[in-house]
Amino acid sequence: MTEVPLTGKRVFIRADLNVPIDNGRITDDTRIRASLPGIRRALEQNAAVMVTSHLGRPKEGVLKPEDSLAPVAKRLAEILGVEVPLISNWVNGVKVEPGHVVMLENCRVNKGEKKDDAALARKIAALCDVYVNDAFGAAHRAEATTHAVARFALVACAGPLMAAELDALGHALAHPARPLMAIVGGSKVSTKLSVLGELAKKVDSLIVGGGIANTFLLAAGKPIGKSLAEPELTREAKRIMATGKVRLPADVVVTDAKVKSVDDVAAGDVILDIGPKTARAYADGIAKAGTIVWNGPVGLFEKDQFANGTRTIAEAIANSEAYSIAGGGDTVAAINRFGIGGKIDYVSTAGGAFLEFLEGKTLPAVAALEARADD
Ligand code: ADP
Ligand code: MG
């Protein structure tokens, strides 16, 4: 985007403004703020700016009130200090003056969006002179606004957030300062199995925590009581452990906030956090790392009794000299809760796309932009 002249041009920005909304109120506007540089850049150059995003998972063809970008348009208007009219049914034409910005209603409501439909994408391309994809968080999906439009737009380019995410994550994984350490937590192994497998190949050590650790503990023959686990994945877990890089908790915090050794978990116990000994050991490892990649809380951090593990990890990362990156919806919520965002080198706004990037997968939206890079 920084290399494309925008003055007087019609600029269509696909952003990721998929923010959490509770009863019509935005509970975290990080993604809106992260999208400001692209929008501001276009406005400063007197472009006629159209911004859209997906929000939630609406059914194509119907706009339910809870799927509307209305709260997002309002918030953006407050931050920018200008009016941001919200336009629905925008595919066949949009009125917007140079120097002004409009928001185009939830793009996933358009029929054909999810199927990456070429006819829809041509219409969207016809709305603008310049198509900007700044939605790194949606880059793992090939949809009309993230993928097909890039083929048909007169000019297609990456926005500043997309560029920053790719720079930061690429930097961490291409030539990482060693040791490279990954910390993966969260609730379920099944959602992160492929990333765990790929990371185990690349990193020097793979710290496992949270609900994910339970399946690994089970695979290691430890008792886990009634803890959340996926016994059908213990074979996969063993295969990953065979790399010799996986570090598992030695102690844990169970239901009634009791600390137990992983050998002493009782049949009725539910593991909800890593124990203090484990947290300290992980923190020591983090202090010695050259590069740190973090996804997934290591406990039920939303509850104070089970937040210590995640807080200890977060603070260790914040205090480490290592180059650190973190991403994932709940991971970012934890980072915000512990107030350490400013001390992590790069906090990704993305969840799924962040994980797929770590896996080394080609993100379809990025590939589509790269295909136009030589124009
Ligand atoms: P992210 O969104 O950062 O990728 P996930 O969605 O995979 O993270 O997982 C986050 C959730 O995992 C949090 O809500 C947290 O409470 C939960 N969690 C962490 N550890 C445990 C555990 N031991 N048992 C149950 N849930 C857990
Ligand atoms: Mg999550």
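Would you please name the residue that is farthest from ligand 2 (Cβ to nearest atom), looking only at residues in the stretch 198-218 that are more than 20 Å from residue 350 (Cβ to Cβ) and surrounded by fewer than 22 Cβ atoms within 10 Å (Cβ to Cβ)? Residue satisfying both the conditions and the ranking: 204. Once the stretch 275-314 is narrowed to residues that are open to solvent by less than 10 Å² (accessible area, probe 1.4 Å) and among the hydroxyl-bearing types (Ser, Thr, Tyr), the residue that is farthest from ligand 1 (Cβ to nearest atom) is 291. In the set (1) surrounded by fewer than 22 Cβ atoms within 10 Å (Cβ to Cβ); (2) part of a loop (DSSP other than H, G, I, E, B), residue 66 fails one condition alone, (2).
Scanning the stretch 152-184 for residues that are charged (D, E, K, R) and either out of contact with any Ser or Thr (no Cβ under 8 Å at 6 or more places or on another chain) or within 19 Å of residue 361 (Cα to Cα) (or both) returns 165, 167. Among residues of the stretch 181-192 that are more than 19 Å from residue 322 (Cα to Cα) and open to solvent by 30 Å² or more (accessible area, probe 1.4 Å), those with a beta-carbon under 8 Å from a residue that is in a loop (DSSP other than H, G, I, E, B) and charged (D, E, K, R) at least six positions away or on a different chain give the pairs 188/230; 190/230.
Only one entry in 285, 309, 290 is at pLDDT 95 or above and in contact with an Asp or Glu (Cβ under 6 Å, 6 or more places away or on another chain), namely 309.
To keep it simple, each residue is scored yes or no on (1) closer than 23 Å to residue 123 by Cα; (2) of a type in the set (A, V, I, L, M).
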{"site": "9", "(1), (2)": "yes, no"}
{"site": "15", "(1), (2)": "yes, yes"}
{"site": "24", "(1), (2)": "no, no"}
{"site": "38", "(1), (2)": "yes, no"}
{"site": "59", "(1), (2)": "yes, no"}
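Evaluate the stretch 274-291: report whether one residue or more is in contact with a helix residue (DSSP H, G or I) (Cβ under 7 Å, 6 or more places away or on another chain), over 20 Å from residue 359 (Cβ atoms) and in a strand (DSSP E or B). The answer is yes, given that some residue of the stretch 274-291 is in contact with a helix residue (DSSP H, G or I) (Cβ under 7 Å, 6 or more places away or on another chain), over 20 Å from residue 359 (Cβ atoms) and in a strand (DSSP E or B). Looking only at residues of the stretch 324-348 that are in a helix (DSSP H, G or I) and charged (D, E, K, R), we find that the one that is farthest from ligand 2 (Cβ to nearest atom) is 343. When you look at residue 357, is it at pLDDT below 95 and open to solvent by 10 Å² or more (accessible area, probe 1.4 Å), yes or no? So residue 357 passes the test.
Scanning the stretch 161-187 for residues that are away from ligand 2 (no atom under 16 Å from the Cβ) and part of a loop (DSSP other than H, G, I, E, B) returns 175, 176, 177, 178, 179.
From the list 149, 96, the one residue that fits, being over 22 Å from the mean Cα position of the chain (by Cα), of a type outside the set (Lys, Arg) and within 15 Å of residue 367 (Cβ to Cβ), is 149. From the list 317, 335, the one residue that fits, being within 12 Å of ligand 1 (Cβ to nearest atom) and either of a type outside the set (Asp, Glu) or at positive phi (or both), is 335.
The values are calculated or read from the model by the stated rules, or taken from the named source; none is laboratory data. Just so you know, these numbers come straight off a predicted model, no measurement behind them. Ideal geometry is used to build each Cβ from the backbone, glycine not excepted, and the neighbour counts take in all protein chains shown. Just so you know, the surface numbers come from the protein's heavy atoms only, side chains and all, with ligands and any DNA or RNA stripped out. Shrake-Rupley method; radii C 1.70, N 1.55, O 1.52, S 1.80 Å.
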